[in-house]
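What follows is a short report on a single structure.
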Amino acid sequence: MIRLLAAERLKMKGTWIPILLFLGPIGLILAMMVDFGLRKEYLLQQNTDNWTVLIGEASMLLPLMILLGATLLASLLAEMEHQASAWKHTLALPLSRFKIYGSKGIQLIGLLIIVAILLVLSFAFLWFWIDLGKPVPWDQFLKAGFYPVLAVLPVAMLQLWLSIIIRNQALPIFIGVVCSLFGGIHTKWLPWAYPINAIPIDSLEKNNPAFWVPVGIGLGLLLLILGALDFSRREVKGG
Amino acid sequence: MSNLIQTINLTRRYGKQIVVKDLNLEVKQGEVYGFLGPNGAGKTTTIRMLLGLIRPTFGEVKLFGKPLNNHRREVLWRVGALVESPSYYGHLTGRENLEVTRRLLGLPRERIDEVLSLVRLTKAADKKVKKYSLGMKQRLGIASALLGKPDLLILDEPTNGLDPAGIQEIREFIMDLPKQYGISVLVSSHLLSEMEQMATQVGIIHQGKLIFQGSITTLQKKSRPRIRFGVGDPREAQHVLQSRGWQVSLQEGELWIDGLDRNATAQIVECLVKEHFSVYRVEEVKPSLEEIFLRLTGKEESL
Ligand SMILES: Nc1ncnc2c1ncn2[C@@H]1O[C@H](COP(=O)(O)OP(=O)(O)OP(=O)(O)O)[C@@H](O)[C@H]1O
Ligand SMILES: [Mg+2]
């Protein structure tokens, strides 16, 4: 498995993937800088603490950004193989297909964790840039970065499976975008709602990360395993 | 010595179409086995089954004497393969592409330089593969197939789309593999002429069925020679011979008759001379391999 992951890492060299990881967090920082630059006084006069204001504003953007990011990353990881016509090569090697798929999944989880770390840093940067005072809520930054990202795992694994079994990436990306926009609106139970469910903010009604983060991780891993099992029994008729 | 590749009644359907039917291939150690067939004959489908990429509808594949379906990983350690167009990550260099496979298989680092020099890509190793010519990509694919020091190489139309020089180069490379490195080869192609020099055995597949398997010399013996007669007034001569029951065709002013033995040939000459035609040439013409191939595959179609 280590060998497979080492191969995955090499394949990313010179692709858009590393840049894409920064795009979301930078977008969040810019949006918040504009938001607070224009109406800091107004925002901070609400009678909640400063962190709640910051995460409240960020939560307008964060879940959608994470959902779209997961969709795109999954697609890029799969497209790399489609474009290389690599499946027929890789799958004719004496390797476990379950592990080949598994290594893609773990690679995607790894990339999302990097996004989470960048988000933690973004919140810290914003806190100091907006000058929101003391005490600095480091534990909240950590939660705000990691919780929604961990909660996106089911969607990420679903998109990975779609992007791998469908050659033309227009379709999985379309599905991913439409579901990201509308999939979480009417119910809390569909995976597209999990990132917003998992944002650690008290003012949002019934927001309960303690429940949704474990659900996200559990369902994500389950979907990874199911995807790998399905992949193992598929035929390689094309590239 | 048992077969490196053996297929037993290998059959594959796509939807309702039977693409490969009751194939019994036998590839032995030390051979270059030419797997021949026109476009759409089922070569790639067969090769995909040999590698476990798709499953047979019926029948089975044995590699190194072991059933593929429950020894896949064990036997594939001894096989290197190139299926259809080469697989490559265009944004990586040739060396990095090999490094991906090397990491996947956990092979020693030195292998990369070894296979690069085998296919003579050492100089281009650090160029991005998207800048490679088709021939270079093809060679990179072969290098990658050789990385794991296989005993058996399976190559699907490795010369497809190459210019004559490129074809010649790959052909010579393949011919040397059994003698120099002890690697047996199954190589597919739709050109028999290409196989003539490199293959020790050929299998001809047509519309999914194996219509010939054996050595090239056996293949040549299978087809009877034709006799060509150069005569004055060929049109009239053709009429005369036909009226006596011979199957004569007239091509470019000369008469052709299939499958004559010595006696019959003498009879025809005698007949022509008696009828006062001038006979200035009698010649036995062996069909070229390409003609044999076309005849073998053409006949099937008219059934
Ligand atoms: N995935 C598929 N679905 C349906 N039919 C297929 C599929 N792959 C191949 N076929 C059909 O099977 C037949 C054999 O195809 P195959 O690719 O094995 O031929 P081939 O001998 O490799 O031909 P070529 O010389 O063109 O490469 C063709 O009629 C093709 O249309
Ligand atoms: Mg083919």
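The values are calculated or read from the model by the stated rules, or taken from the named source; none is laboratory data. Given the structure is predicted, the values throughout are model-derived calculations rather than measurements. Counting neighbours? That spans all protein chains shown, and the Cβs are built from the backbone with ideal geometry, glycine included.
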Tally, over the range B:15-52, of residues that are part of a loop (DSSP other than H, G, I, E, B), surrounded by fewer than 22 Cβ atoms within 10 Å (Cβ to Cβ) and within 11 Å of ligand 1 (Cβ to nearest atom): 5
State yes or no: is B:Arg224 surrounded by fewer than 22 Cβ atoms within 10 Å (Cβ to Cβ) and under 24 Å from B:Gly90 (Cα atoms)? no
Tell me which residues, restricted to the range B:73-105, are out of contact with any helix residue (DSSP H, G or I) (no Cβ under 7 Å at 6 or more places or on another chain) and either of a type in the set (D, E, K, R) or more than 7 Å from chain A (Cβ to nearest Cβ) (or both). B:Arg73, B:Glu74, B:Arg78, B:Val79
I'm trying to understand the selection: among the residues of the range B:36-75, which are modelled with pLDDT of 95 or more and under 26 Å from B:Tyr132 (Cβ atoms)? B:Lys43, B:Thr44, B:Ile47, B:Arg48, B:Leu51, B:Leu53
Considering residues that are among the aliphatic types (A, V, I, L, M) and over 14 Å from B:Glu284 (Cβ atoms), the number found within the range B:233-272 is 6
Filter the range B:107-136 for residues that are modelled with pLDDT under 95 and closer than 27 Å to B:Met49 by Cβ; which is farthest from the other protein chains (Cβ to nearest Cβ)? B:Val119
Between a residue in the range B:50-71 that is within 11 Å of chain A (Cβ to nearest Cβ) and at negative phi and any residue that is among the β-branched types (Val, Ile, Thr) and in a loop (DSSP other than H, G, I, E, B), which pairs come within a Cβ distance under 8 Å, given they are 6 or more apart or on different chains? B:Leu51/B:Val83; B:Leu53/A:Val236; B:Leu53/B:Val83; B:Ile54/A:Val236
Looking at the range A:96-138 only, could you name the residues that are farther than 20 Å from A:Ala156 by Cα, under 17 Å from the mean Cα position of the chain (by Cα) and surrounded by fewer than 16 Cβ atoms within 10 Å (Cβ to Cβ)? A:Leu121
B:Leu162 fails exactly one of (1) away from chain A (no Cβ under 13 Å); (2) within 16 Å of ligand 1 (Cβ to nearest atom); (3) touching a Phe, Trp or Tyr at 6+ places or on another chain (Cβ under 9 Å); (4) not hydroxyl-bearing (Ser, Thr, Tyr), namely (3)
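Right, A:Ile100: away from every other protein chain (no Cβ under 12 Å) and of a type in the set (A, V, I, L, M) or not?
Values: away from every other protein chain (no Cβ under 12 Å): no; of a type in the set (A, V, I, L, M): yes.
Taking the combined requirement at face value, the residue does not satisfy it.
Of the residues in the range B:1-14, how many are away from ligand 1 (no atom under 13 Å from the Cβ) and not in a loop (DSSP other than H, G, I, E, B)?
Filtering the range B:1-14 for residues away from ligand 1 (no atom under 13 Å from the Cβ) gives B:1-9.
Filter once more, keeping what is not in a loop (DSSP other than H, G, I, E, B): B:5-9.
Number satisfying all stated conditions: 5.
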Could you pull out every one of the helices (runs of 4 or more DSSP H) wholly within the range A:1-78 that has 1 or more residues that are modelled with pLDDT under 95 and within 14 Å of chain B (Cβ to nearest Cβ)? A:2-11, A:17-44
In the range A:214-239, anything within 14 Å of chain B (Cβ to nearest Cβ), more than 21 Å from A:Lys99 (Cβ to Cβ) and either of a type in the set (Phe, Trp, Tyr) or surrounded by 13 or more Cβ atoms within 10 Å (Cβ to Cβ) (or both) is listed as A:Lys237
From B:Arg55, B:Arg95, B:Arg72, grab the single residue that is under 23 Å from B:Val187 (Cα atoms), basic (Lys, Arg), in a helix (DSSP H, G or I) and more than 16 Å from ligand 2 (Cβ to nearest atom). B:Arg72
